[in-house]
Amino acid sequence: MKLQTVTLADGGSVSYDKLCIATGARPNVLYPNNPHVLGIRDTESVQDLQNRLKDCKHITVVGNGGIASELVFAAKLCHVSWVIKDQTITSVFVDSVASKFLLDSLKDEDGSNCNAEKSLPSKRQIYSTIVTQKKASVMGSALGPDWYNGYSLHGATSTKQLEIEYGCEVASIDTCAGSTEFNLNIKLTNGKTLLSNVLVSATGVIPNSELFKDKLEVSELDHGIIVNKRMQTNVSNVFAAGDICTIPWRECENWRQMRLWTQALQQGFYTARSMLPQNTILSNQTFRLKYSRTLPS
């Protein structure tokens, strides 16, 4: 029988019968070396943004996914420029008709909506966050669906203004020199220039798959580890779940993979069931991956 082991960084090794890779992903941040450009990925980065917003008059958000949409809604008392490459907001989740409906809730001009205090009824489970001490070089876990609750994302103006730049991207970023009240000079592909204090890059993530490229099949498109319908990789007894994996199969027309915390949670349950012996009896034989399905034999 071939020995199955994982070699550790310190030279040690751990043997396994079955292995699940869940190393997640990291933010795909535009201009990561610029100190005024932030990527929102964990609670520490949200705290950093909250501290910076206190003195901000203008914030630029780039991206059109879940984090970007929620941040544009949550930010108050500042001028928000939202840069998206699509023709409608939140196009990953809703169609053009629904996006127009959402615009009214985004344009909260008086800034009276305080996320740290407001509590609305919810028909789904609410997730809380516990902030722990960690090494500065280590990124925390991905944000959940209620990531901005408990934070006061307020700027330094008396009202909120929202300006959306459709169908464009960031062409270049320069740091403002001299005694200017803004930190960044942002040029867009539509020819416009924005002066901003902070740019939040919510432009997706990159799977942490570099360690496995020589051992496992990795997607050339998004760099995730490719899995089959049982979340298995191309190597026997090795599975992958969460942001690290790429799911090439679809059984529902309205489902698509999005590297979000909610899908990663579902994939974890789903993969755990796949790793069990075939004759294992559980109380719930059906697992959900955005839709109900029974695992194939």
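The values are calculated or read from the model by the stated rules, or taken from the named source; none is laboratory data. Being a predicted model, the structure only gives us computed values, none of them experimental. Here the Cβ is made from the backbone with ideal geometry for all residues, glycine too, and neighbour counts use every protein chain on show. Please note that ligands, DNA and RNA were not included when accessible areas were found on the heavy atoms of the full protein model with its side chains. Shrake-Rupley method; radii C 1.70, N 1.55, O 1.52, S 1.80 Å.
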Point to revise | Heavy-atom SASA rank of VAL235, VAL14, VAL218 (probe 1.4 Å, accessible area, largest first) | key: VAL14, VAL235, VAL218
Review point. Around PRO32, with a cut-off of 13 angstrom between Cβ atoms, what is the net charge of the other residues, counting Lys and Arg +1 and Asp and Glu -1?
Key: +2
Practice item. State the three equivalent ellipsoid semi-axes of segment 48-109, derived from the C-alpha gyration tensor as the square roots of 5 times its eigenvalues, in descending order and whole Å. Key: 22, 12, 9
Check your understanding: So what does SER158 come to for accessible area, using a 1.4 Å probe and Å² rounded to 10?
Key -> 100
**Study point:** Residue-level accessible surface for GLU217, protein heavy atoms, 1.4 Å, Å²
**Key:** 90
Study note, to complete from the structure: SASA check, LYS213, accessible area w/ 1.4 Å probe, all protein chains in place, rounded to nearest 10 Å², comes out at 100
Review point. So how far, in whole Å, is the C-alpha centre of segment 205-256 from the one of segment 31-51?
Key: 28
Check your understanding: What residues have an amide H closer than 5 Å to that of VAL205, excluding those fewer than 5 places away on the same chain, when H is modeled at 1.01 Å from N in the peptide plane?
Key -> ASN28
Point to revise | Within segment 138-251, percent of DSSP bridges classed antiparallel, to nearest 5 | key: 85
Review point. Mean 1/r over all different Cα pairs, inverted: what Kirkwood radius does segment 1-55 give, in Å?
Key: 15.1
Practice item. Order MET258, MET231, most accessible first, counting only protein heavy atoms with a 1.4 angstrom probe. Key: MET258, MET231
Review point. For segment 1-51, which whole percent of the accessible surface, found with a 1.4 angstrom probe, sits on carbon and sulfur atoms?
Key: 52
